[in-house]
Amino acid sequence: MSGVKARSWIKVKEFVGLPKRDDFEIVEKELPALKDGEFLVEALWNTVDPYMRTNELSNKVGSPMVGGQVAKVTQSKNKDFAVGDVVVGQFGWTSHSISDGAGSIMSAVKLDPTIPLPQSTALGILGMPGATSYFGLLDICKPIKEGETLLVNAAAGAVGSAVGQIGKIKGMRVVGFAGSDEKVAYLKSLGFDAAYNYKTVPSLEAAIKESCPNGVDVFFDNVGGDFFDTVLRQMNTFGRVSVCGAISQYNALEPRKGIDVSSITLIVKQLKIEGFIVTRWLDQWQGAFKEMAQWIQEGKLKYRETVFEGFDSMYDAFVSLFKGDNIGKVVVKI
């Protein structure tokens, strides 16, 4: 069996600034015959996510780009994975992969047939971004009482849009910032109490004070940089900050200096600031997804996808994340 030719996107240069097309090569190779316990998958959907830009977390020169994928089992010598099964796993930017089901980050998992949602959602709202939203808000920030104010930036993305809606489900007052008027309209359609285009507001600080007159209780940060500093100054005593991403910094040519907020402010306001990687809760993901799927079916949680077509469009999909072109989750239909 096997004898299949696989195509893979290989990172051939360290990224400097925004990743360039010649930082990658598409390489084709024939896969070997399956060993006992292995199975072969063919990609159906691939994901691109901002963390893939960070050399510290993922991709090394000379290696295939990492990432999640929804795939179909086409050959198998593994009793747990039959031909025709649809699975989600960390197969990377590849067209075909051989796996034994295990993984350094997470094991391959068959899609839950009881959840009547599109396969691509296993890479978005019911995948890593959804889990990030759920645990980053509920476990780290722990909404205490109804009416608390939640501020989220990059709020029209896969993570931010879900964070805001989960906040609303939990009775919070939600304020979102995004990078276009179209995205602001999208946030308002999701039920955000206030939404702003951070690129056009005269003053970010003034917009926060206007929308959060009683201060910010919970801040879910996807951006970092000056935005992070500005919100910290508006936090209430015992405020909680979930540090999820720093997309404003990923393509920076020079590292940014430290937080431009006095440590006295952090002490006096008794702030909790915590960064996280969502695989911390990997054993709890499926339970969270069942609850989120129920919210989706009840109309309480909505999602949107930006879909690119074809394996060769992986690069274009990836860089779109840093140009602010997408609303919701970016996926590639193979």
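The values are calculated or read from the model by the stated rules, or taken from the named source; none is laboratory data. Remember, it's a predicted structure, so these values are computed and weren't measured experimentally. Cβ atoms come from the backbone with ideal geometry, glycine included; neighbour counts cover every protein chain shown. Only protein heavy atoms, including side chains, enter the accessible area calculation; ligands, DNA and RNA are left aside. Shrake-Rupley method; radii C 1.70, N 1.55, O 1.52, S 1.80 Å.
Where only protein heavy atoms count, and the probe is 1.4 Å, what is the accessible area per residue for the chain in Å²?
Per residue, the chain has 45 Å² of solvent-accessible surface.
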Given a cut-off of 18 Å, what percent of all Cα-Cα pairs of segment 157-307 lie beyond it?
63
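Could you order the peptides 16-24, 286-294 from most to least packed, using the average number of other C-beta atoms within 10 Å per residue? Don't jump to the answer; show the numbers that get you there.
On the way: 16-24: 13.4, 286-294: 16.2.
So the order, starting with the most tightly packed, is 286-294, 16-24.
First compute the accessible area of the chain with a 1.4 Å probe, then give the percent of it belonging to carbon and sulfur atoms. Display every interim value, and only then the final one.
On the way: 7830 of 15050 Å².
Roughly 52 percent of what the probe reaches on the chain is carbon or sulfur.
Counting residues in segment 82-142 as N, plug N into 2.2 N^0.38 Å and put the Cα Rg over that result.
On the way: Rg = 13.5 Å, N = 61, 2.2 N^0.38 = 10.5 Å.
Dividing the Cα Rg of segment 82-142 by 2.2 N^0.38 Å gives 1.28.
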Using only Cα atoms and rounding to the nearest 10 degrees, what angle (0 to 90) does helix 285-297 make with the longest principal axis of the chain?
70
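Could you give the length gained on full extension between S262 and K77, defined as 0.36 nm per residue of separation minus the Cα-Cα distance, in nm? All intermediate terms of the calculation are to be shown ahead of the outcome.
On the way: separation 185, 0.36 × 185 = 66.60 nm, distance 5.89 nm.
Extra length from S262 to K77 when fully extended: 60.7 nm.
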Shape category assigned to segment 29-141 from the gyration tensor of Cα positions, a/c cut at 1.5
oblate
Between segment 170-204 and segment 81-130, the Cα center-to-center distance that results, in Å
32
Beta carbons within 10 angstrom, averaged per residue: use that to sort the peptides 108-118, 302-312, highest first.
302-312, 108-118
Along each principal axis, Cα extent of the chain, largest first, Å:
65, 44, 35
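I'd like the Kirkwood hydrodynamic radius of segment 256-334, using the inverse of the mean 1/r over distinct C-alpha pairs, in Å. Before the final figure, lay out each step's value.
Details: mean 1/r = 0.0594 Å⁻¹.
When all Cα pairs of segment 256-334 are included, the Kirkwood radius is 16.8 Å.
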Only Cα pairs under 8 Å and at least 6 apart count here; give the relative contact order of the chain as a rounded whole percent.
17
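Using only alpha carbon positions, build the gyration tensor of segment 15-66, then give the equivalent ellipsoid semi-axes as the square roots of 5 times its eigenvalues, largest first, whole angstrom.
Details: eigenvalues 143, 36, 27 Å².
Each semi-axis is √(5λ); the values are 27, 13, 12 Å.
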